[in-house]
Structures are given as C-alpha cells and as structure tokens.
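Asker: This is the structure I have questions about; it appears just below.
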Amino acid sequence: MQCTPIKSPRIKKYDDLLEILKKLIKKPHDGDILVIASKVVALSQGRVINLSDIEADRSFRAKKSRYGIGREDPRFVELVKREADAVMPGSMLLAMKDGVLTPAAGIDLSNTENGSAILWPIKAEKEAQLIRSFFMKKFRLRKFGV
C-alpha cells in the first residue's frame, strides 16, 4: 500500500468539494482509495456554528458535567448533547452520532475561526458516493473507494 497526500487549498464554508477534487485529482487508478476528512466534508456543507450562539443549560454551570471531567466549555458540552444521538458518561465526551462512536459527536474545535465549531457532516456516506460515482464514470474505473 502506498499513501500519497494531496495538498489542497484551505477548505472554507460552502466550498464546492467536488470541484476542488476535480482540480486536484488528475488521473486516479483502479483500486485507489480517496480519504477525505469528515471536517472537510462538513466545511463544504457549511456545518460551522459559533459557540456564542449556543446557550448552555444553566444547571451545568452550578456543577461539574456528568459528560466529562468538568473543564469543558458549557456551550461546547451543550452543543455535543444537541448533536449526539447518545452521550456516554465518563472521563471524555464520547458520543454516538449517525451510528459512529466518536469523541464529542464529531464536533471539531481545532483550526477553526476563534469561537466556532465544525459539526459532523450530514450524510457523509452520500457525499462519498457522489464523489466516487463521478471519478468512476469520468475515468472509467472499476474499483475506486472514497
């Protein structure tokens, strides 16, 4: 197996991910697998929220959260509770989201504009299928994974 990173421009809110990929991937081969971070898909879907728009449950402020070690921003914990299908009690915010067990319901605070959060993408599998279909058809590939 050989992994080849593809340098992309910084993906911004509502960027057309397929158009960006069309420019970056010139000649895929049968058997290639394209790996796209969920964060990139979420950005292209506009799944960005400002934490200042979240009002935390007031009871959270009075006690430590049962969802984590108590140092989390209460607005972030509230956002995780809203986005998750289920939150597991314990020492970290581990949650189920769309059938996937993921920290913080897939919400990402890293490398974002100050005070914003990137949410888990909507129907990531459908997005992957659209990208896969395009590349398979355009390059007449029999096997191509996304």
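The values are calculated or read from the model by the stated rules, or taken from the named source; none is laboratory data. Bear in mind the structure is a predicted one, so any value in this text is a computation, not a measurement. Note: ideal-geometry Cβ built from the backbone for every residue, glycine included; neighbour counts use all protein chains shown. These area figures cover heavy atoms from the full protein model, side chains too; ligands, DNA and RNA do not enter into them. Shrake-Rupley method; radii C 1.70, N 1.55, O 1.52, S 1.80 Å.
Asker: Determine which single condition GLY90 fails, assuming it passes every other condition in (1) buried (at least 19 other Cβ atoms within 10 Å of the Cβ); (2) on the phi > 0 side of the Ramachandran plot; (3) assigned to a loop (DSSP other than H, G, I, E, B).
Answerer: (1)
Asker: Among residues belonging to the range 86-104 that are modelled with pLDDT of 85 or more and more than 20 Å from GLN45 (Cα to Cα), point out the one that is nearest to the chain's Cα centre (by Cα).
Answerer: PRO103
Asker: Under 6 Å between Cβ atoms, at least 6 apart or on separate chains: pull out the pairs that start in the range 18-36 with a residue that is free of Cβ contacts under 8 Å to residues at least 60 places away in the same chain and outside any loop (DSSP other than H, G, I, E, B) and end on any residue that is open to solvent by 70 Å² or more (accessible area, probe 1.4 Å) and of a type outside the set (Lys, Arg).
Answerer: LEU24/ILE6
Asker: Any idea how many residues of the range 98-112 are of a type outside the set (Ser, Thr, Tyr), under 13 Å from ALA124 (Cβ atoms) and surrounded by fewer than 20 Cβ atoms within 10 Å (Cβ to Cβ)?
Answerer: Looking only at that region, the number is 3.
Asker: Collect the residues in the range 105-122 that are without any contact (Cβ under 8 Å) to a residue 40 or more places away in the chain and within 8 Å of the chain's Cα centre (by Cα), keeping them in residue-number order.
Answerer: Residue satisfying the conditions is ILE107 alone.
Asker: Can you give me the number of residues within the range 13-58 that are more than 23 Å from THR102 (Cα to Cα), open to solvent by 80 Å² or more (accessible area, probe 1.4 Å) and basic (Lys, Arg)?
Answerer: Count: 4.
Asker: Residues being under 15 Å from SER38 (Cβ atoms) and modelled with pLDDT under 90: count how many of those fall in the range 110-146.
Answerer: 3
Asker: Sticking with this structure for a sec: How about the range 113-133: which of its residues are open to solvent by 60 Å² or more (accessible area, probe 1.4 Å) and of a type in the set (A, V, I, L, M)?
Answerer: ILE122, LEU130
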